[in-house]
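Reviewing the structure listed below.
Values quoted throughout were computed directly from the atomic coordinates according to the rules given, and no laboratory measurement underlies them. A quick note: this is a predicted structure, and the numbers were derived from the prediction, not measured.
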Amino acid sequence: MSNEALTPATHVIHASLVRPALFAGAEPAVVMVEASVTFALVFVVGFHVATLLLAVVWLTAVHGVMVWVAKQDAQMTTLYVRSLFAQDYYPAHAGVQAAPAAVRSSVPSWA
C-alpha cells in the first residue's frame, strides 16, 4: 500500500460559502427595517431639518449596534425573534395511548 491511499483528500472551501450574508455589516432583514423606518421618518413625518437629524442619529445608533451584534453572531436577531415564540415552560405530556386528563370546570359548582 502506498502513502497516497492512506492520506485523506483535502478540498478547499471558498470563504464566501461559510461566511454569513451581511448587508452593510448587519443582517439584511435588520437593514431593511432600518431603511424603512428612516424613509418613513423622513418622508411621512416631513422633510425638515429636525427630521433629517433624527433620521441620521437613528441610522447611526441603530446600525452601529446591529453591526456589533452581527459581529458577535450573524444570526442573533433571527434567533431572538424565534425565541419570542417559545414558551417559558413546557409541561410533561403522557404517551400517545394514555387516557386524556380529566377536565375540571372553570366555574365553581357552588355558584
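Helix-only estimate, please: 222 nm mean residue ellipticity of the chain, summing -39500 (n - 2.57) across DSSP H runs of length 4 or more and dividing by its residues, to the nearest 500.
-14000 deg cm²/dmol
Could you tell me the relative contact order of the range 20-74? Use alpha-carbon pairs under 8 Å, at least six residues apart, and round to a whole percent.
This gives 50 percent for the range 20-74.
Take each complete run of DSSP H in the chain, measure how far its Cα atoms stretch along the helix's own axis, and keep only those covering 18 Å or more with mean Kyte-Doolittle hydropathy at least -1.0; list them.
Helices meeting the span and hydropathy rule in the chain are 49-72.
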